[in-house]
1. Give the calculated FRET efficiency between residue 77 and residue 98 to the nearest 0.05, with a Förster radius of 35 Å applied to their Cβ-Cβ distance.
2. Report ³J(HN,Hα) in whole Hz for each residue of the range 333-343, in order, from the Karplus equation J = 6.51 cos²θ - 1.76 cosθ + 1.60 where θ = phi - 60°; Gly and Pro get x.
3. Looking only at the range 256-292, which residues have a backbone nitrogen under 17 Å from a spot 7 Å from the Cα of residue 231 in the C-beta direction?
4. I need the peptides 111-124, 75-88 ranked by packing, meaning the mean over residues of other C-beta atoms within 10 angstrom, with the highest value on top.
5. With a Förster radius of 35 Å, plug the Cβ-Cβ distance of residue 253 and residue 343 into 1/(1 + (r/R0)^6) and report the FRET value to the nearest 0.05.
6. If the cut-off is a Cα-Cα distance under 19 Å, which aspartates and glutamates reach residue 117, setting aside same-chain residues fewer than 8 apart in sequence?
7. Would you mind getting me the FRET efficiency between residue 193 and residue 160? Use the beta-carbon distance for r and R0 = 25 Å, nearest 0.05.
8. At 0.36 nm per residue, minus the direct Cα-Cα distance, what do residue 288 and residue 186 gain on full extension? Give it in nm, one decimal, please.
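Taken together, the values in this text are just the output of simple stated rules run on the coordinates, not laboratory data. Quick caveat: nothing in here was measured; it's all calculated off a predicted structure. Glycine gets a Cβ as well: all are built from the backbone with ideal geometry, and neighbour counts include every protein chain shown.
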Amino acid sequence: MNTNPRTIALCIALFLTSAFITYTVRTSHHTSSASWLPSLYTKNHDVPQHIINPPKVAYATFLAANTHENSKEDIPDEEDGYFVGTRVLAYQLLHSKTVGTNLSIPFLVLCTRDVKKSKRDQLKKDGATVILVEKLNADWVHPGSDRWRDVLAKLRLWQLTEYTKILFIDADMLVTKPLDGVFYDEATLTQATGTNPEKIHDDEGALPRTYMLATHGDLWGYDHPYPPDPSLDYLNCGFFVFTPSKVLFEYYMSLLKAPGKFDPGFPEQNLLNYAHRRDGNMAWKPLWYGWNVNWPTEKDWRGGAHSFHAKYWDGDPSHDPLLKAIWKEQRAEMEGYYRGREERGR
């Protein structure tokens, strides 16, 4: 088959032009500064500038001194379930090779000031960032359990405005898969606050212009399907993602000044359920069901859930035996990890 001479000439011309451009770029004095590139992609391995400084996110939990039902005695640290649970959670999120963070996300522990110094020092040694907070109280708020007396202090989380997103996790949690991806869940996008006048009351503080609260509905028992019902309205505040906001914190404080605004049996949970009710101006958004399950069973674990909410350190016979065994293994792994680290440091 004969080849058109013009086609051959055109190919040669294009080749020579390409070679000339390549040679010019490589030998140009612009090569070292790369100023000929668009400014968005200069230096930093061509990473866009908006990725160079990613949003500041954190994991967080809460620890109070009063965590034992009708108990005023000083028990050993290693027998304090919530303290041990906090340590296991710190290990899982910060150090575990299988479920720990891959993004160097810090783990914050909000402690009321009466938490023993030995506990606070141990958590710092474990790698957690301990933040001392003042308690929050209201005369009309009487929790359904004495060990929930100080849980309103969790609302201090909304004062941590140096963070753009925080995942709060109760200390009684088992993590079996990484959680970093929760910060990219579509439910954690900033929402515009509604303006329905029927949902705005004179005895409540100003609403923020925007907000974000993403969580799961409470399953209220072990007999639930997996995936769970997505239409649940009552949020469980053992696992939620939010954006700190001073305006929103002050709004919560205004609710504490209005007796009867919510049922105080579950103080912080019912306050959040009122403030972020699904038919209100700041409705909570549902996270992907697999991030966390309350009232968990082996079925949820086999279904692929990432974390499970239950006090696996106690003797409650209703707890799933498989998940309890996994938590105990995690505790042993945590203790072995820190023991080995101490021996290496000698």
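1. Numbers: r = 26 Å, r/R0 = 0.75.
The calculated FRET efficiency here is 0.85.
2. Those phi angles translate into 5, 4, 5, x, 5, 5, 5, x, 5, 5, 5 Hz.
3. So the set is 278-279, 286.
4. Numbers: 111-124: 15.7, 75-88: 18.2.
Peptide ranking by packing, descending: 75-88, 111-124.
5. Numbers: r = 48 Å, r/R0 = 1.37.
Efficiency, rounded to the nearest 0.05: 0.15.
6. Straight-line reach from residue 117, under 19 Å: 73, 74, 77, 78, 79, 80, 126, 134, 150.
7. Numbers: r = 20 Å, r/R0 = 0.80.
Working from the Cβ atoms, E equals 0.80.
8. Values: separation 102, 0.36 × 102 = 36.72 nm, distance 0.87 nm.
Between residue 288 and residue 186, full extension yields 35.9 nm more.
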